[in-house]
Every structure is written in C-alpha cells, then in structure tokens.
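The following block contains the structure, expressed as structure tokens.
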Amino acid sequence: MTDRLIIFDTTLRDGEQSPGAAMTREQKLRIAKQLERLRVDVIEAGFAAASNGDFEAVRAIANTIKDSIVCSLARANDKDISRAAEALQNARAKRIHTFIATSPLHMEKKLRMTPEQVLEQAKLAVRFARRFADDVEFSPEDGSRSELDFLCRVLEAVIKEGARTINIADTVGYAVPHQYGELIRTLRERIPNSDKAIWSVHCHNDLGMAVANSLAGVLAGARQVECTINGLGERAGNTALEEVVMAVKTRRDVFGLDVRIDTTQIVPTSKLVSNITGFPVQPNKAVVGANAFAHASGIHQDGVLKERQTYEIMRAEDVGWTANKIVLGKLSGRNAFKQRVQELGIPIESEEELNAAFAKFKELADRKAEIFDEDIQALFSDEEVTLHQEYFKLVSLAQRSATGEPPHARVVLKINGREVVSESVGNGPVDASLKAIEREVKSGSELLLYSVNAITTGTESQGEVTVRLGRAGRIVNGVGSDLDIVAASAKAYLNALNKLYTTTERINPQTSTP
Ligand code: KIV
Ligand code: ZN
C-alpha cells in the first residue's frame, strides 16, 4: 500500500454546488491555478455537462493546468461522459469521474431504477469512460447508506471494467467515523479485485464529522481524500482540505502518510476562495480562521512567548499566515507593488490586470496610510480588476445620516455604460444605499444575507461586505470591499447583481437523473 495520500480537491465542482457559490470561468481558472500552486494532486474542475459555461471552464482549466490531474464529473451516461472527455481533451493528465446512486432510497425514489439496472449502467459508464481516459474514477453516490452486498457487486464490476479509483460517497453526511472506517475496511477486504483500485473517501459535513469520517477512512486504507477549501459545499459543506492536510502532517505518528501539498499556500488559497465565492471563513475555523493560532487569541500569549509549543501544535507561518505587515504606502511605485504581489503568490494574468490593480492600489493608498497584505489580496478579488467588465458599476455614493433624521443615499451607477442617478431614504445608510440601487435596477431579488468583516485590524481597516441575493430559485453571493462600509455594501450588492444577470442556468449533477 502506498504511503502517500492523494489530495483530490473538489472546490470547483462540489464546492460550487453550494447555493450562491457559482463562479465565472475566469474565477474558476484563477482558483485552479492557485490549487496547482498548492500542489493538490487532482483538481475536479467541474461538471462539464452542466452548461456551456461549465464546459468552457473545465476546458480552460484542462488547457492551462500542468502539474495536477484535471478531472470532470459525469453522470453515468454516454452524453455526460463524452462531454467530460471533450472538455478534458488537451489536459496533460486527465481523469473522468463518473457516478450513480447505489442506496435503495436513491435507486427507488430518485433514479426509479432496479438494482440490476444500476449495476448495468455503472459498468457501461466505466467501460465507456475508459475509451477516453485511462484514469477513471467511479463513485457510488449515497454509498454509505447502500446495502453492503450490492455495493460489493457494483464495485467489483466497475473495477473489472477499469475504474482505477473507487470513491465511497457519504453524500448526506450520515456516517460516523468508526462505521465509515469499517465500511472502507470491509469493502477492501471483501472485494476480490480491491487491490486494483485506489480507495477514496468523500464525506459531507451535515453532522460536523466530514473530516473525522475521512480520516477514519484513511486509517482503514483509503489513499485519496476528496475535499474542498474551507470545507465549502452544499448544506454544511464538504471535508475541509486544510484540516485533513494539517491533521495528516501534524499527526504523522498516527497516519504515517505523506502529502504533496505546499502548506504555505493554504491560507492564500482559503482567502482567494472566500473572496471569490463570498463565503466568509468563521474566525474560529481550524487552520484558516483568523483566531486559529494562539498568538491571535491573546489568552495564551504569555505561554507562547515563553515556549511556542506550549499552545501551538502547528506554526502559523507553515500554513501561510503572514504577520500583519505594513507593506506599502502611497509613495510606493509600480515595481514595489508588483514585487509584493508576486511575493504574495498572486498570479498576474496580464500587464493590463497589473495596471488596473495598481490604479486601485493608488486610490486606496491615498485614503489609507498603511496598506497590508490583506488589502492587496482584496484588490485582486475585485472583479473590475480581474474581469474588466461589469454590467452594473458604482460610480459614486453620497449618504447622509444624523441622529433623529432618516438616512438618505444618492448613488451614481453605470448600467451597461450608461450613467444613472438614484436616491432613497432607508432605515440606515446601508439600507438607503441598497434601496437607491434597487429603485433603479428593479431586480426584484430578495436579500438573504448581509455580513461585514474587517479585512485587517483597527478602525482604519477596509470593510469586506458579503450579500446573498435570491430570485426565482437562484442564489448568488456578492462581495465588495472599501474603507467606507456603506460603499463596500453598495459594491457587494452590485457584484451580486452582476452575477444574477450573467450566470446561466445549469444542471445539478446529483439532483437531476442521468
Ligand atoms: O456527495 C456525493 O455523492 C458526490 C458524488 C457525485 C461523488 O458529490
Ligand atoms: Zn459530494
């Protein structure tokens, strides 16, 4: 058995299935490049058959990534598999991941198929996928609630057809660690050709046990973990990549396994994914939360100063935390800016992008004396910098609020290049500003979530606002940052509207039948 654990990242596929987390092709490509820098073994780039946009995103990632295997999900049918194969055509290393549900509940109620039909379709799917790729993965969806004998029959058959990775999905996060570990062990022992495949774990976090279940699977012989950055994913999310990697590295005495990951890229990747998707990271989140290390929580400071190991089992710098440094100011030139951007590992796509970011930096530096690394990172998640196109754009905002007076906002917007002015009163300055925007745009969307976080510390910090909008069953997240949190709110709202009007309808691979 290999002593290496394969890290399969599915942020761009399972993570993106989380309502509101939909990303553009450019954003996915940006995350894929960062995942390559993080040195994940496999990047599940998407579900190519979901829409033309998803297909193009998988293709762009397959054409670009050189150092990780690029994978596309496909339901167990020829059409999905052909689409995945086409999108992956130019990948240096590719994988087709096909799946079908095997639990009695899913087979009967969702697929409306008999177990024999499911077995046949699984075999055909793997056989067909092998026409396009040597590297084929098969997942029994809802595997953890499937009947053991039937699961063994299906898995033995698909390994015979050439599936090289078998991924046991705990689709609804129902498993508990000892049981899930036992399942992996039993499957490996009972299936005669089990040694021909790498066993993989794929756990959801509905009961808060995704990481624990995955690690139980690893102890039982699984050698691939499927996971997402920050545990992003539908409902309570997926297994968090950063937690699995740091558990395996920190407790090598228990797991005895190596991972290829460059752990110093963990925090930059976490920030990028959070900025792009608009899913903030909770402060007490393991590894990537702002309070995750003792030096930040204050209470153990004394012990840490005397001997850091008293309260620290990992070093903050090993996972990519940098000290809050004043890095640049208003006199810093383009070269100093470019150098710091490179040191932070932010990929610069073009001179045009660098120039746009530098212009934003100068604007910010005029208003804020000290620019921190986090401010620079936030600049690069600004869509104006990365996409150069926004349908709705904030030109300026003025708001007035005083005790005893109704707050009033006046916003100047560009809508597809045309400038418009709108005014409104509201319950507070943020409410007035968003109402003024809505009065002009008339999106009819519902505000599902509004949250503000400080990007750095102190009252000088930029505020980062996330808004979630829902309309006709679609959900999008928008993010905006500014020294003025009312302006940050307006930017976040417009960012969400841009997504609402541009992202297209797509199929969810799991809730739609093959
Ligand atoms: O959770 C799940 O069952 C999945 C499969 C498609 C692997 O994501
Ligand atoms: Zn899943």
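The values are calculated or read from the model by the stated rules, or taken from the named source; none is laboratory data. Note that this is a predicted model, so its numbers are computed, not measured. For neighbour counting, all protein chains shown are included, and Cβ atoms are generated from backbone atoms with ideal geometry for every residue, glycine included. Side chains included, ligands, DNA and RNA excluded: accessible areas come from the protein's heavy atoms. Shrake-Rupley method; radii C 1.70, N 1.55, O 1.52, S 1.80 Å.
Of all DSSP beta bridges located in the chain, what percent are antiparallel, nearest 5?
50
Relative contact order of the stretch 425-514, please, whole-number percent, based on alpha carbon pairs below 8 angstrom and at least 6 residues apart.
The normalised contact order for the stretch 425-514 reaches 21 percent.
Using only the Cα atoms of the stretch 65-153, each taken as one equal point scatterer with no solvent, compute I(q) by the Debye sum, divide by I(0), and report log10 of the ratio at q = 0.13, 0.19 Å⁻¹.
Reported log10 I(q)/I(0), two decimals: -0.44, -0.81.
Another one. Hey, any idea what % of the chain's accessible area is carbon plus sulfur with a 1.4 Å probe?
49
Would you tell me the accessible area of Thr239, worked out with a 1.4 angstrom probe on the heavy atoms of the protein chains, in Å² to the nearest 10?
The accessible area of Thr239 comes to roughly 0 Å².
Short version: ³J(HN,Hα) in whole Hz for each residue of the stretch 97-114, in order, from phi by Karplus 6.51 cos²θ - 1.76 cosθ + 1.60 (θ = phi - 60°), x for Gly and Pro, what are they?
10, 10, 8, 8, 6, 10, 7, x, 4, 5, 5, 6, 8, 8, 7, 6, 10, 7
Going by alpha carbons, how many degrees (0 to 90, nearest 10) lie between the helix axis of 210-219 and the longest principal axis of the chain?
For helix 210-219, the angle is close to 40 degrees.
For the chain, which semi-axes, largest first and in whole Å, follow from the square roots of 5 times the eigenvalues of its Cα gyration tensor?
For the chain, the semi-axes come out at 41, 27, 21 Å.
Then there is this: I need the peptides 65-75, 440-450 ranked by packing, meaning the mean over residues of other C-beta atoms within 10 angstrom, with the highest value on top.
65-75, 440-450
With θ taken as phi - 60° and the coefficients 6.51, -1.76 and 1.60, list the Karplus ³J(HN,Hα) couplings across the stretch 472-480 in order, rounded to whole Hz; mark glycine and proline as x.
Taking θ as phi minus 60°, the curve returns 6, x, 9, 10, 9, 10, x, 10, x Hz for the stretch 472-480.
Counting only C-alpha contacts under 8 Å and six or more residues apart, can you give the relative contact order of the chain as a whole percent?
Value for the chain: 12 percent.
Still on this structure, please answer the following. Quick one: of Lys338/Lys362; Lys79/Lys499; Lys66/Lys285; Lys285/Lys338; Lys28/Lys285; Lys330/Lys368, which pairs are farther than 20 Å apart, Cα to Cα?
Distance filter (> 20 Å) returns Lys79/Lys499; Lys66/Lys285; Lys285/Lys338; Lys28/Lys285.
Now for a separate question. Taking amide H positions as placed in the peptide plane 1.01 Å from N, state which residues far from Gly426 in sequence (5 or more) or on other chains have amide H under 5 Å from it.
The answer is Ala432.
Angle check, please: helix 25-38 long axis (alpha carbons) against the longest principal axis of the chain (alpha carbons), in degrees 0 to 90, nearest 10.
On a 0 to 90 degree scale, this one is about 70.
Also, I was wondering about something else. For the stretch 221-290, what relative contact order do you get, as a whole percent, if you take Cα pairs closer than 8 Å and at least 6 residues apart?
Relative contact order of the stretch 221-290: 25 percent.
Order Thr511, Thr264, most accessible first, counting only protein heavy atoms with a 1.4 angstrom probe.
Sorted by accessible area, descending: Thr511, Thr264.
For q = 0.11 Å⁻¹, what log10 I(q)/I(0) does the stretch 117-272 give under the Debye formula with an equal point scatterer on each alpha carbon and no solvent?
Treating every Cα as an identical point scatterer, log10 I(q)/I(0) equals -0.43.
So, one more: How tilted is helix 351-367 with respect to the longest principal axis of the chain? Cα atoms for both, answer in degrees (0 to 90, nearest 10).
Roughly 50 degrees between the two axes.
Answer with one residue from Gly404, Thr457, Ser200: the one whose Cα lies farthest towards the positive end of the charge dipole of the chain, charges on Cβ with Lys, Arg +1 and Asp, Glu -1.
Ser200
What does the highest-first list of 390-399, 119-128 look like by mean Cβ count within 10 Å?
Result, highest mean Cβ count within 10 Å first: 119-128, 390-399.
Could you give log10 I(q)/I(0) at q = 0.19, 0.28, 0.35 Å⁻¹ for the stretch 340-381, computed by the Debye formula over C-alpha point scatterers of equal weight, without solvent?
-0.52, -1.08, -1.36
Nearest 500 deg cm²/dmol is fine: what mean residue ellipticity at 222 nm does the chain get from its DSSP H runs of n ≥ 4 alone, each adding -39,500 (n - 2.57), divided by its residue count?
Calculated mean residue ellipticity at 222 nm is -11500 deg cm²/dmol.
Based on the mean of other Cβ atoms within 10 Å per residue, sort peptides 98-104, 88-94, 187-193 so the most packed one is first.
98-104, 88-94, 187-193
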